[in-house]
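Shown next, in structure tokens, is the structure this report addresses.
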Amino acid sequence: MPSSWICSAVIVVGALAATAPALPQQMQPPGDAAMPTVRQPYAIETFGEFRKLIQLGDFGAKVQLSAAIAKHPTTAVGAVTDARGEITIYAGKLIVSYGKPDAHPDAYTAAAALLTVSSAGEWQSVIVDRDVTPSEIEPYLAVAAQAHGLDPGKSFPFEIEGAVASYLMHVNAAPTEGPHGMGLPIAITVVTRGDEIEGKVAGVYVSPDLVGIATHGGERTHAHWVSPDGTSTAHLDRWGLKAGAVLRLPKLRE
């Protein structure tokens, strides 16, 4: 697929260095910083709320990326402030893609309006043995997780490498400057769709208490596509998998 729209304005930070500057992590008011209060497994933390993006257009800064990655998360998904781009951490590497090919700040000085971070000490690999349609993705992840020692009633990160099928994905480009709410666009976006694309997927499967916070309402997953070379990323609105893809799940139950 054409990649100029997503690759021309990308900031990539490699393996997270131990020397990364540690800034104060919480930028949001204390009332929001405690969402949710229940301790999540795999060090899952969420900054900002999906439902506030949808209902209020709240793309204000919730956490500085330099502070979020100071704990060395392995997997993360989120959105840049002011509806300007997408944030992903895959295998410990940070990728930030913007919808407009303008000059952008270094990733360590950027901030997230929404971000869910997580850490898996070890991974176990599962070969996807059949094509999985978009409508089957969440049930498939739940069944695969349970079959490999995880509780699908709880949150966990996942990573995938292989072919993504029947996909629709976007990168935020700018705020709408208009009303927000259910059925209205969250932001002005650059959209790409197709039948099949190679790449990687970083995501979180969340417990019911994080639905609407880390994910869209009514959805248990928040997932981002990453290009095969690891230089660009996009939010996956709809996606399936082709047989032969490799699903990585946390190896140890927490």
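The values are calculated or read from the model by the stated rules, or taken from the named source; none is laboratory data. Everything numeric in this text was worked out from a predicted model, so none of it was measured. Virtual Cβ from ideal backbone geometry, glycine too; neighbours counted across all protein chains shown. For accessibility, only protein heavy atoms count, side chains too; no ligands or nucleic acids. Shrake-Rupley method; radii C 1.70, N 1.55, O 1.52, S 1.80 Å.
When a/c is below 1.5 the answer is rounded, else prolate if a/b is larger than b/c, else oblate, so apply that to the stretch 146-254 with a ≥ b ≥ c taken from the square roots of the Cα gyration tensor eigenvalues. Oblate, since a/c reaches 1.5 and b/c is not below a/b. Considering only alpha-carbon pairs that sit under 8 angstrom and 6 or more positions apart, the relative contact order computed for the stretch 136-217 is 37 percent. A probe of 1.4 angstrom, applied to the heavy atoms of all protein chains, finds residue 122 with accessible area near 90 square angstrom. Between the beta carbons of residue 56 and residue 103, assuming R0 = 25 Å, the FRET efficiency works out to 0.30 to the nearest 0.05. Taking other residues whose beta carbon is less than 11 angstrom from the beta carbon of residue 224, and scoring Lys, Arg as +1 and Asp, Glu as -1, yields -2. With the cut-off at under 16 Å, measuring from each backbone N in the stretch 167-209 to a point 7 Å along the Cα-to-Cβ line of residue 143 picks out no residue. Only Cα pairs under 8 Å and 6+ residues apart enter the sum, and on that basis the relative contact order of the stretch 183-254 stands at 22 percent. For a test of the definition: using alpha carbon positions, the gyration tensor, and the 1.5 limit on a/c, classify the stretch 35-78 as rounded, prolate or oblate. Because a/c hits 1.5 or more and a/b fails to exceed b/c, the stretch 35-78 counts as oblate.
Here's the picture: a label point sits 7 Å out from the Cα of residue 209 along the beta-carbon direction, and within the stretch 132-153 the residues with their amide nitrogen under 19 Å of it are 151-153. Each of the peptides 64-72, 133-141 was scored by the mean count of other Cβ atoms within 10 Å over its residues; in descending order, highest first, they stand as 64-72, 133-141. What the phi angles of the stretch 51-66 give under the Karplus curve with 6.51, -1.76 and 1.60, with θ = phi - 60°, is a coupling list of 5, 6, 4, 6, 7, 10, x, 7, 10, x, 5, 10, 7, 7, 4, 4 Hz, glycine and proline written as x. Tell me whether the stretch 180-239 comes out rounded, prolate or oblate; compute the Cα gyration tensor, take square roots of the eigenvalues as a ≥ b ≥ c, and use a/c under 1.5 as the rounded threshold. Note, shape of the stretch 180-239 comes out oblate. Across the alpha-carbon set of the stretch 159-202, the Rg to Rh ratio works out to 1.11, Rh being the Kirkwood radius. The gain in end-to-end length when the residue 135 to residue 82 segment is fully stretched comes to 16.0 nm, 0.36 nm per residue minus the alpha carbon separation. Within a straight-line Cα-Cα reach of under 21 Å, residue 62 can be paired with the following lysines, leaving aside sequence neighbours fewer than 8 residues apart in one chain: 52, 71, 93. Accessible area ranking (1.4 Å probe, heavy atoms, ligands and nucleic acids excluded), largest first, for 180, 235: 180, 235.
Grab the other residues whose beta carbon is less than 15 angstrom from that of residue 189, score K and R as +1, D and E as -1, and report the net. Local net charge: 0. Taking 0.36 nm per residue of separation and subtracting the current Cα-Cα distance, fully stretching the chain between residue 219 and residue 151 would add 22.8 nm.
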